[in-house]
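Participant: For reference, the structure I am asking about is given below.
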Amino acid sequence: MSVQSAIKRKTAPDLRVRKNGEPIVMLTSYHAHTAALVDKHCDAILVGDSLGNVMHGFETTVPVTLDMMILQGCAVMRGSRQALVVVDMPFGSYEGSKEQAFQSAVRIMKETLCGAVKLEGGARMAETVAFLSERGIPVMGHIGLTPQSINTLGSFRAQGREETNWAPIENDARAIAEAGAFSIVIEAVAEPLARKITQSIAVPTIGIGASAACDGQILVLEDMLGLSPRSPKFVRRYGNLGPAIEEAIAGYARDVKSRAFPGPEHVYEMKKS
């Protein structure tokens, strides 16, 4: 048996039992080559609808389509070996009805072979989460700041910074957990509230701009590598690859213009007769 075939990919139940255990490490990826790098160090990879911002330059995630998510989900599955791959359900692919959500989720899982889907929304999506979970589709929830709702939220502002606003967010987390989600992303939520939610629900929480007390953390890969032109307050940059990449491109352009590239070692000579 080859080493590659012996590797067992993590599943949603594997993450579910990590509640109050070793923190879950998660990053986004949209490509086979970055997935191969992330896969070595992360428990889970999110093929996020943030690809709309990162890959396509959209201002929001709203224009992202189901076909776009499936295409990049396939790429990430090809590049990864051991991490659980979770694919975002994009705006408009699940809100209409639980039946619509099921059909969209089935397409994602059949065509990408991923291990789970993620959808945004709290109590209003509980029935859909239950419907999918009961039919064999692992669901990761997403509460707090939900980027697909930007047109009703008005801005990408943190949630729960006043205690009077805590109850609806706590209810969202409880409803999604009780509906069967195996984990819940908590985005841009005041630290004390994220901590309280983590302590009060039975499934792992994955923080992004939340609390270190969450059961795991996720960041957008390009944000933490310094490739995004701007990134949220909650991002720590673990690299600054943007300037290095630009410097390499500038060097290439200089060498092409001066005919220093390609050199003799980069071209093919005629075969000797």
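The values are calculated or read from the model by the stated rules, or taken from the named source; none is laboratory data. Predicted, not measured: the structure shown is a model, and the values here were computed from it. Neighbour counts run over all protein chains shown; Cβ positions are idealised from the backbone, glycine included. Calculation scope for accessible area: heavy atoms of the full protein, side chains included, ligands and nucleic acids excluded. Shrake-Rupley method; radii C 1.70, N 1.55, O 1.52, S 1.80 Å.
Participant: Looking only at region 101-124, which residues are part of a helix (DSSP H, G or I), among the charged types (D, E, K, R) and within 22 Å of Ala177 (Cα to Cα)?
Facilitator: Arg124
Participant: So which of Ile218, Ile201, Ile186 is among the hydrophobic types (A, V, I, L, M, F, W, C) and more than 16 Å from Pro147 (Cα to Cα)?
Facilitator: Ile201
Participant: When you look at Thr11, is it at pLDDT 95 or above, among the polar types (S, T, N, Q), closer than 14 Å to Gly115 by Cβ and open to solvent by 40 Å² or more (accessible area, probe 1.4 Å), yes or no? Quick ask: steps written out before the conclusion?
Facilitator: Working: at pLDDT 95 or above: yes; among the polar types (S, T, N, Q): yes; closer than 14 Å to Gly115 by Cβ: yes; open to solvent by 40 Å² or more (accessible area, probe 1.4 Å): yes.
For Thr11, the condition - at pLDDT 95 or above, among the polar types (S, T, N, Q), closer than 14 Å to Gly115 by Cβ and open to solvent by 40 Å² or more (accessible area, probe 1.4 Å) - is met.
Participant: Of everything in region 221-239, what is of a type outside the set (S, T, N, Q) and open to solvent by less than 50 Å² (accessible area, probe 1.4 Å)? Give them in sequence order.
Facilitator: Here is the first cut: in region 221-239, the ones of a type outside the set (S, T, N, Q) are 221-227, 229-230, 232-239.
Hits for region 221-239 are Leu221, Glu222, Asp223, Met224, Leu225, Gly226, Val235, Gly239.
Participant: Filter region 101-124 down to the residues that are open to solvent by 60 Å² or more (accessible area, probe 1.4 Å) and in contact with a helix residue (DSSP H, G or I) (Cβ under 9 Å, 6 or more places away or on another chain), then identify the one that is nearest to Ile24 (Cα to Cα). Break it down stepwise before answering.
Facilitator: Quick first cut of region 101-124, residues open to solvent by 60 Å² or more (accessible area, probe 1.4 Å) only: 103, 107, 110-111, 113, 124.
From what's left, in contact with a helix residue (DSSP H, G or I) (Cβ under 9 Å, 6 or more places away or on another chain): 107, 111, 113, 124.
Details: Arg107: 27, Glu111: 26, Leu113: 22, Arg124: 27 Å.
The extreme case among them is Leu113.
Participant: Still on this structure: Report, by residue number, each residue of region 111-121 that is over 21 Å from Asp14 (Cα atoms) and either modelled with pLDDT under 95 or of a type in the set (D, E, K, R) (or both).
Facilitator: To start, the set of residues in region 111-121 that are over 21 Å from Asp14 (Cα atoms) comprises 111, 120-121.
Within region 111-121, Glu111, Glu120 meet the criteria.
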